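Report on the structure given below.
The values are calculated or read from the model by the stated rules, or taken from the named source; none is laboratory data. Note that the coordinates shown come from a computational prediction; the quantities given were computed from them, not determined experimentally. Methodologically, a virtual Cβ is constructed for each residue, glycine included, from the backbone with ideal geometry; neighbour enumeration extends over all protein chains shown. To get the accessible areas, we keep the full protein, side chains included, count just its heavy atoms, and leave off ligands, DNA and RNA. Shrake-Rupley method; radii C 1.70, N 1.55, O 1.52, S 1.80 Å.
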Amino acid sequence: MPIERVETLVVGGGQAGLAMSHMLGKRGLPHLVLERQRIAERWRSERWDGLRFQFPNWSIGLPDFPFPHAEPDGFATPGEIADFITAYAAFIGAPIRCGVNVSALRRRDGASGFVAETSDGAIEADNVVVATGPYQRPRIPALLPDNAAILQLDASRYKNPSQLPPGAVLVVGSGASGAQIAEELLRAGRRVYLSVGQHRRMPRRYRGRDLIWWLDEMGLLQRPTEERGPERSLPLISGAFGGNTIDFRQFAAAGVTLLGRMERADHGVIAFAPDLARRLAYGDASYAIFLDMMDAHVEARGLDMPRDPGARAALPDPLCLTEPLRELDLRAAGIGAVIWATGYGFDFGWIDVPVLNPAGEPVHAKGITGVPGLYFLGLQWLAKLNSSLLSGVGDDAAVLADHIAARLK
Ligand SMILES: Cc1cc2nc3c(=O)[nH]c(=O)nc-3n(C[C@H](O)[C@H](O)[C@H](O)COP(=O)(O)OP(=O)(O)OC[C@H]3O[C@@H](n4cnc5c(N)ncnc54)[C@H](O)[C@@H]3O)c2cc1C
């Protein structure tokens, strides 16, 4: 069987793979995109129904393709984002094959370039762009053994409250996913326990503007990777329920029991670290620092924006903070489900090219690896803060397309 050959192979048919396709196409560079399931699959099958895009509609777009919307300040559903990315694929005429999994990637024997083993046969390529997502595999701490009496789901498999057995729910993780899922369950009438970890709260709106306006105005969306500080937690924002600032004190006032970090479980009794007050203080401090930054920006630029003293109002410490629970007996608390919202890791085991560090993370500079012709796109902070976001992936794709064009010359 003759092996199929392409100049550039793009692996992954999400926003990153398609932005790459667009940038290659604009430069007249032949390529093929392979997607193992459907276009924008993760927005179709790995997001919950009540999730809303964290960026307001007015700010959404892919290169040369704005997001159609009736409500500029609204927040899109996962289905609307998936449809938008699918429409983008049609708009750019992406040469994409869906339902084709790339199971291995290696260097070509005795020649430059690569061989991709796929569910549809081998493909040789001079260049490969890996665009398989920043959030590939849920990371679940091995704390709770499988127990038929308790349903355990990670955030990518959670869909809605009715999917869960009756009873209380323990949500582990206080990033954007954990916080939003906890809020949605509470609103659905569930008793909710939320194990809170390190987080960085941000205001949804301040002084009359949405957070995304501020990030853009202050140049933070474009902040280069070299200026990334040591902080690794993702900003805690939400577009759900019209888009509100997440405040765990408000959660507690509404009935959520906040807990420290989950430490261990023994026969259905979970122990939590005595760190809840410290975690909330950190989240509140990062929130206050950000308000200060915005105020300083207004001052420095002489902007005419209304003051917003309400943004600094803080609720008193709830009982679950002053007298934190250190142990929780799942059965006694009537907990029927545990949702793990504990983040994601990489799944690059299929790449047999020396571009991964011992932790399995790609080693690259702005997506360009040390192996000529092999690139990554769409990763967190690939080149700048918004590299993994819909709004930022196009710029990075353009840089990689230019690099590929120069290489082919
Ligand atoms: C819960 C959640 C909420 C988010 N909300 C926002 C938001 O509001 N705004 C925002 O800008 N970003 C958000 N993000 C971040 C980011 O936009 C998404 O993760 C986005 O899906 C990344 O797009 P991507 O194309 O880089 O990767 P993905 O969407 O992950 O696409 C990668 C594609 O590659 C395919 N694939 C993987 N491996 C292979 C293989 N071996 N062979 C063939 N195909 C393969 C997958 O099926 C997938 O379709 C969110 C992320 C999460 C997890």
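Details
- Only one of the numbered conditions (1) within 28 Å of L234 (Cα to Cα); (2) away from the ligand (no atom under 14 Å from the Cβ) is violated by P30, and that is (1).
- L330 being out of contact with any Phe, Trp or Tyr (no Cβ under 6 Å at 6 or more places or on another chain), of a type in the set (A, V, I, L, M, F, W, C) and closer than 24 Å to R249 by Cβ: no
- Candidates are the residues of the range 135-159 that are within 13 Å of the ligand (Cβ to nearest atom) and open to solvent by 30 Å² or more (accessible area, probe 1.4 Å); the one that is farthest from W340 (Cα to Cα) is Y135.
- Residues that are touching a residue at least 24 places away in the same chain (Cβ under 8 Å) and in contact with a Pro (Cβ under 9 Å, 6 or more places away or on another chain), drawn from the range 342-365: T342, G343, Y344, G345, F346, F348, I351
- Test: Y282 is closer than 30 Å to R191 by Cβ, hydroxyl-bearing (S, T, Y) and open to solvent by less than 70 Å² (accessible area, probe 1.4 Å): no
- Residue count for the range 330-344 satisfying the condition of being open to solvent by less than 70 Å² (accessible area, probe 1.4 Å) and either within 16 Å of the ligand (Cβ to nearest atom) or over 30 Å from the mean Cα position of the chain (by Cα) (or both): 8.
- Options L105, L32, L51: the member that is closer than 21 Å to A19 by Cα and either open to solvent by 40 Å² or more (accessible area, probe 1.4 Å) or touching a residue at least 24 places away in the same chain (Cβ under 8 Å) (or both): L32
- Strands (runs of 3 or more DSSP E) enclosed by the range 307-409 - at least 1 residues per element that are under 30 Å from S195 (Cα atoms) and among the β-branched types (V, I, T): 335-340
- Helices (runs of 4 or more DSSP H) fully within the range 1-98 counting 3 or more residues that are over 16 Å from I404 (Cβ atoms): 41-45, 78-92
- Counting only strands (runs of 3 or more DSSP E) wholly contained in the range 168-281, the ones carrying 1 or more residues that are of a type in the set (V, I, T) occupy 168-172, 192-195, 257-259, 269-272.
- Filter result (among the small types (G, A, S), open to solvent by 10 Å² or more (accessible area, probe 1.4 Å) and either within 17 Å of V10 (Cα to Cα) or near the ligand (Cβ under 8 Å from one of its atoms) (or both)) within the range 375-392: S388, S391
- Considering only residues in the range 163-176 that are out of contact with any helix residue (DSSP H, G or I) (no Cβ under 9 Å at 6 or more places or on another chain) and within 22 Å of R42 (Cβ to Cβ), the one that is nearest to the ligand (Cβ to nearest atom) turns out to be A176.
- A single entry from A176, A168, A182, A131 fulfils the requirement of being open to solvent by less than 40 Å² (accessible area, probe 1.4 Å), under 16 Å from F55 (Cα atoms) and among the small types (G, A, S): A176.
- Residue within the range 51-67 that is touching a helix residue (DSSP H, G or I) at 6+ places or on another chain (Cβ under 7 Å), at pLDDT 95 or above, over 18 Å from G392 (Cα atoms) and within 7 Å of the ligand (Cβ to nearest atom) present: yes
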